[in-house]
Structure formats: C-alpha cells, structure tokens
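Each remark here refers to the structure printed beneath this line.
The values are calculated or read from the model by the stated rules, or taken from the named source; none is laboratory data. Quick caveat, the model's predicted, so the values are computed rather than measured. Here the Cβ is made from the backbone with ideal geometry for all residues, glycine too, and neighbour counts use every protein chain on show. Note: accessible area is taken over every heavy atom of the protein model, side chains too, but ligands, DNA and RNA are not part of it. Shrake-Rupley method; radii C 1.70, N 1.55, O 1.52, S 1.80 Å.
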Amino acid sequence: MLRLAGVGPMFGMGGFQLLPFYDALAQLGLRHFLINDERCGAFAAEAYARVTNRPGVCDGTLGPGATNLVTGLIEGLNAGTADDRTCRRHQPRTSWKNMTQECRQAEILRPAVKELIRVELTSRVPELLRRAFAVATSGRPGPVLLDVPEDVCHGEHDLLPKTSRWIRRP
C-alpha cells in the first residue's frame, strides 16, 4: 500500500517489532533510512514533507520509542505539514502484563496528531492507510499516526486479491 501511495523515502529506528515491515520494504524496493533516534526520523519525515509538498513517512518502535515522536509530530501539526507515522504497540494478548517498554503511547501521541488510527486487523491495512493519507493531506495538512499492534505487524494477508478495488488494473 505504501508503494501504491507513491511514498518517498521513509525514516525510522529499527526494533524487533518492525522486522517484518523492513523485510517488506526491502522486497518492494522502497527506500528507508535507519536513524539513531525516533526524534530524528520524525523531523526527517517532516522536512521531506515541507520540501516536496508530499507526505513524509516515519516509523517508531513501541513504548518510549514512540513517545520520542511527539516533538516532531507537534511541529508538523503546528506547521500544517502532511505526515504519516506508524508506530508499533504490544500484542493485545500481552497488553498490560508488564512487558518491556510498555506505556500508554496512544494517549501520549493522540494530542500531537490530526488523527490516531488503530489497525486492529491486517486485512484493514489498505483501507486505513488510504484513510491516513487522506486525512494527512486534506484541509490543513497534518500528521496522522497509524497505531499497529505487533501481531498485525507480524501477520500476513493477501492485500492485493485479483478483484482488488484498491488499485486499477489494465
């Protein structure tokens, strides 16, 4: 869906929850730049959006890593910069069982974005990613956050069936 959306380079900090995401990006030939802190990725995506007038994309790991996105998100929100951020959270079956780095990241990030979209099912990725780009670029542009649980990130789904209504086939 990112390739179909024509995204430019993406920025983010790797974590074990993101390995399937990075594998998919490499297989699709999409450009991703690893950075040393989520704040750098947030500002890089925001700078890309300002320079190109296209949405910037940044990813973040769960917990404290995701909370590092706040400063860049608020900058994008105040500047009216279209941005799409993805962050990972724990699997629902392990939520609030004192997993490492677990925090209330959605509650922390929600005030810093135009909309926070939770992706609960892998099958809804096309619909929700399209919504994220639509919200980010409509009206006054601003950042949108996709909150993706680990089980969805590691899940598989045929996102482009033969009768897909998401893309036009010749």
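Of all the criteria given as (1) closer than 19 Å to A134 by Cβ; (2) open to solvent by less than 20 Å² (accessible area, probe 1.4 Å); (3) part of a loop (DSSP other than H, G, I, E, B), the one not satisfied by G76 is (3).
State all residues of segment 10-30 that are in contact with a helix residue (DSSP H, G or I) (Cβ under 6 Å, 6 or more places away or on another chain) and of a type in the set (D, E, K, R); if no residue qualifies, say none. Matches in segment 10-30: none. Picking from residues in segment 41-73 that are at pLDDT below 85 and assigned to a helix (DSSP H, G or I), the one that is nearest to L2 (Cα to Cα) is A66.
Of the residues making up segment 25-40, those that are within 22 Å of G63 (Cβ to Cβ) and either part of a loop (DSSP other than H, G, I, E, B) or of a type outside the set (A, V, I, L, M, F, W, C) (or both) number 6. The one condition from (1) closer than 19 Å to A66 by Cα; (2) within 12 Å of the chain's Cα centre (by Cα); (3) surrounded by fewer than 21 Cβ atoms within 10 Å (Cβ to Cβ) that L146 does not meet is (3).
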